[in-house]
Amino acid sequence: MKIKFFITMLFAMIWLFISTYFAIWWANDVSNYLPSFYVWWVIIGIALLPGFLMSAMFFSNIIHFKLKKHPNTCQDTSVIICAYNEEETIEKTIKCICDQEYTGNIRILVVDNKSTDTTKIKILSMIKNHYSNCTIEYVYCDKPGKSNALNCGLALVKTKHFITVDADTFLHNCAIQKIINHIENKKCSCVAGNLLVYNVKETFVTKMQNYDYLLSIAAIKRFQGSYQTTLVAQGAFSAYNTCDVKDVGGWEDCLGEDIVLTYQLLEQKKISTYEPSAVGYTTTPTTINTLYNQRKRWAIGMIEGLSSVNACKGSYYLKYFTLVNYCIIYLDLAFIFGFIPGIILAFYGYYYFVGCLTLFALLISIIMFLSFYFFQKQLNIPFKNSLVGFICFLFFFQFIQSAASLHGYFTKFTKGKEFWK
Amino acid sequence: MRIKNRYFILILILSIFITSFYLLYHLDKRFNPKPITFNIDENKPTIALTFDDGPNSSYTQNILDVLYEYNVPATFFICGKNIEGNEKLIKQMIASGHELGNHTYNHPDLTTLSNAEIINEFSLTQEKLYEANFDYTLKYVRPPYGRYDENIQNLYQEQLILWQIDSGDWENINEIDIINNVVESVKHGDIIVFHDDNNTTSKALKNIIIKLKDEGYQFTTVTNLLQLLHI
């Protein structure tokens, strides 16, 4: 693992060296016309740093292209589902778990977090059904907040490992088997599942997100997971070691409770990985407004995660990936205040930041995305495609992502309040 | 969309526009500078600085900056092949009040060409300038390497402009030698040739201008110098 990481960093450094060689010429040229500090700030933020980070991820994922298979385990497990007004999806979520091709028993703990709709009725009606290796329990948590609901569920878990699934996430029929195989055989503290978009065809916003989940998020998790440092074992679908989670005191009451938990586990030098073959389909925001709010929450969660632990205590990998997360803040700023003004300048005939080279960078991005796409394809997991979605993802998604993230950082730094729902 | 989100996005968009506006303002000031103002005193020694082989995307801007800083007008003998991609530099030259001259399209040795080819070399540069939307007629021509014969002289007569002092910057010499080449032999009415295709020239230029100004020299374009000398 160390050698592979070293080779990955070497490759990324070579890439950075070559791109810096060309960037010096570029920056010197543009510095003739614009303030040189700003020019370097933009070029590092929109070209050099993203190039370094992307090339490291690309190369690492190439050398880890082969999918690792783990022997089957049949140990009993628990699934915590937190629900707050989830009447539309809760039945399907539970049914997908009950229909799992899993060799052990599954105990489903559905935690109702003060729902005011018919969620409770839907859960109780599901309990009445009989499933061969599955039991469903209704748990009521009167303290609002996802972390409180999760902790309620955690208190009832008796199995060695447990899984968290969001009430609007539908698991592929062998997802639990795959994720439990992984966590049992690798002795991890947590394993993130591979999330894909369920409602792909709903709107162009969901079509865009389909490729964000399929290509970006999955690639980042695979990169981090290759070095046992997946920074986010997302609450929507992840498996955890019960003792390890209880040792760190469960979930903190904050917006990015899953991020903070993963960081806390990593700080204790525990292993956090990713299982690409354990797939869950999540319901994603359908409008720009809801997507914006979601990404804002994720950004707040990231800052909460970063500020909750001392990454220096963790492994070298944790230090590297934490540093990368800090860089993301800079990248978002550079995108908004460097790349977008660069586009506006290009409209006026000044191709200093956005021009032919941007098209070349776009081509390289497409090649990278194709490699990520083929990796997902080899999993033989069904997912939908949409050309419109891919184009929108390529050209527009980052605008929403960066704006919402900046809003999130701003909210967090100014101590503003955000809510789970 | 929640009100807080709307406000933030509005502020973000406003900030992006302010950044873009500042950058555009900065660029506009760069490419559309106020013309260099100069008054010629007939009693003072006057010379003309000329720059060949440009415009060059890497070096011409530095030359223009030095000239603008010291309020010195000059004449740029441009090559037609260098116009494309450097339109902003040419725009800046014209806006600053510098003069443009014709230095052929491909920079060939004109003594080896036929009459038709020679004419074509100069007219192509003029056409290229028009194509780039510059309503500017190149009044003077300068043969590359300063090589010309009787035939070329007959073709262009008074339009043909050479120089009295060669700065020697094309010989890869250092900054000090360029300064000495110019300062030690300059006299009233001289046309001095430089090349805006290297970094040393712009460094030397600053010192040359300072020294010559100290010696009482004033600078002008080729057209004004010839008028002053009644040629």
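The values are calculated or read from the model by the stated rules, or taken from the named source; none is laboratory data. Treat the numbers as computed from the prediction; the structure is a model and nothing was measured. When we count neighbours, we look across all protein chains shown, and the Cβ atoms used for this are built from the backbone with ideal geometry, even at glycine. Accessible surface areas use protein heavy atoms only, side chains included; no ligands, DNA or RNA. Shrake-Rupley method; radii C 1.70, N 1.55, O 1.52, S 1.80 Å.
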Completion exercise
The convex hull of the Cα atoms of the range A:68-421, divided by residue count, gives a volume in Å³ per residue of 135
Problem - Over chain A: helical MRE at 222 nm, DSSP H runs n ≥ 4 each giving -39500 (n - 2.57), nearest 500 - result: -17000 deg cm²/dmol
Practice task
Over both sides of the B-A contact, add up the buried accessible area with a 1.4 Å probe and give it to the nearest 100 Å².
Solution key: 2400
Fill in the blank from the handout: Yeah, the range B:1-128 with a ≥ b ≥ c from its alpha-carbon gyration tensor (a/c under 1.5 is rounded, else prolate when a/b outruns b/c, oblate otherwise) is oblate
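Could you size up the charge dipole of chain B around its Cα centre, putting +1 on the beta carbon of Lys and Arg and -1 on that of Asp and Glu, and report it in debye to the nearest 20?
For chain B, the charge dipole is close to 1620 debye.
Just the number, please: Stokes-Einstein D of the range A:1-125 in µm²/s, Kirkwood Rh from C-alpha pairs, 37 °C, 0.692 mPa s.
In µm²/s, the coefficient is 165.
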Completion exercise
Evaluated at 37 °C and 0.692 mPa s, the Stokes-Einstein D of the range B:36-228 based on the Kirkwood radius over Cα pairs, in µm²/s, stands at 196
Handout entry: Exposure of residue A:332 as accessible area (Å², to 10), given a probe of 1.4 Å and all protein chains
Key = 10
Completion exercise
For residue A:296, counting only lysines whose alpha-carbon sits under 19 Å away and dropping same-chain residues fewer than eight positions off, the answer is A:146, A:412, A:415, A:417, A:421, B:4
Problem - Inverse of mean 1/r across different Cα pairs in the range A:122-190, Kirkwood, Å - result: 14.2
Exercise for the section: Report which residues of the range A:334-364 become buried by 10 Å² or more of accessible surface when going from the isolated chain to the complete set of protein chains (1.4 Å probe; DNA, RNA and ligands ignored). Expected result: A:336, A:337, A:340, A:341, A:344, A:345, A:348, A:349, A:350, A:352
Problem - 10 Å Cβ neighbours from other chains, averaged over peptide B:127-139 - result: 0
Fill in the blank from the handout: Packing-ranked peptide list from A:183-196, B:182-195, A:21-34, highest mean Cβ count within 10 angstrom first, is A:183-196, B:182-195, A:21-34
Handout entry: Set of the range A:202-246 residues, backbone N closer than 17 Å to the point 7 Å along the Cα-Cβ line of residue A:75
Key = A:238-246
Practice task
Determine the relative contact order of the range A:1-63: mean sequence separation of Cα pairs under 8 Å and six or more apart, normalised by residue count, in whole percent.
Solution key: 55
Exercise for the section: Only bridges with both residues in the protein assembly as shown count here: give the DSSP antiparallel percent, nearest 5. Expected result: 20
Exercise for the section: Subtract the Cα-Cα distance of residue A:290 and residue A:62 from 0.36 nm times their separation in residues, and report this length gain in nm to one decimal. Expected result: 78.7 nm
Practice task
Please state, as a whole number in µm²/s, the translational diffusion coefficient that the Stokes-Einstein equation yields for the range A:15-79 at 10 °C and 1.306 mPa s, with Rh defined as the Kirkwood radius across alpha carbon pairs.
Solution key: 105
Completion exercise
Once normalised by the length of the range A:267-421, the mean sequence separation of its alpha carbon contacts under 8 Å that are 6 or more apart gives a contact order in percent of 42
Practice task
Measure up A:158/A:187; B:91/B:187; A:95/A:128; A:69/A:158; A:68/A:221; A:66/A:186 against 21 Å on the Cα-Cα distance and list the ones that go over.
Solution key: B:91/B:187; A:69/A:158
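Can you work out the accessible area per residue across the protein assembly as shown, with the rest of the protein chains kept in place, probe 1.4 Å, in square angstrom? Could the numbers behind the result be given before it?
Values: 29440 Å² over 652 residues.
Solvent-accessible surface per residue comes out at 45 Å².
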Practice task
First measure r as the distance between the Cβ atoms of residue A:364 and residue B:18, then evaluate 1/(1 + (r/R0)^6) with R0 = 35 Å and state the FRET efficiency to the nearest 0.05.
Solution key: 0.65
Completion exercise
Partner shielding of B:6-17, taken as the mean number of other chain Cβ atoms within 10 Å, equals 4
Practice task
Using a 10 Å cut-off on Cβ to Cβ distances, tally the other chain neighbours for every residue of B:20-28 and report the average as a whole number.
Solution key: 5
Exercise for the section: Tell me what chain B gives for mean residue ellipticity at 222 nm when only DSSP H runs of n ≥ 4 count, each as -39,500 (n - 2.57), the sum divided by the residue total, rounded to 500 deg cm²/dmol. Expected result: -14500 deg cm²/dmol
Problem - Three-way shape label, the protein assembly as shown, alpha-carbon gyration tensor, a/c 1.5 - result: prolate
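For Cα pairs less than 8 Å apart in space and 6+ apart in sequence, what is the mean separation divided by the residue count of chain B, i.e. the relative contact order in percent?
Reported as a whole number, the value is 27 percent.
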Fill in the blank from the handout: The farthest towards the positive end of the charge dipole of the protein assembly as shown, of the residues A:405, A:310, B:106, given +1 on Cβ of Lys and Arg and -1 on Cβ of Asp and Glu, is A:310
Practice task
Compute the FRET efficiency between residue A:36 and residue B:177 as 1/(1 + (r/R0)^6), taking r as their Cβ-Cβ distance and R0 = 30 Å, and round to the nearest 0.05.
Solution key: 0.50
Exercise for the section: Can you pull the one-decimal nm distance between simple spin-label points at residue B:184 and residue B:7, each 7 Å off the Cα toward Cβ? Expected result: 7.2
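Using +1 on the beta carbon of Lys and Arg, -1 on that of Asp and Glu, and nothing else charged, what's the dipole of chain A about the Cα centre, debye to 20? Before the final figure, lay out the partial values.
Values: 37 positive and 28 negative charges, 156 e Å.
Computed charge dipole of chain A: roughly 740 debye.
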Practice task
First measure r as the distance between the Cβ atoms of residue B:95 and residue B:124, then evaluate 1/(1 + (r/R0)^6) with R0 = 35 Å and state the FRET efficiency to the nearest 0.05.
Solution key: 0.90
Exercise for the section: Search the structure for amide H atoms under 5 Å from the amide H of residue A:254, placed 1.01 Å from N in the peptide plane, and list their residues when 5 or more places away or on another chain. Expected result: A:147
Completion exercise
With label points set 7 Å from each Cα along the Cα-to-Cβ direction at residue A:377 and residue B:41, the distance between them in nm comes to 7.9
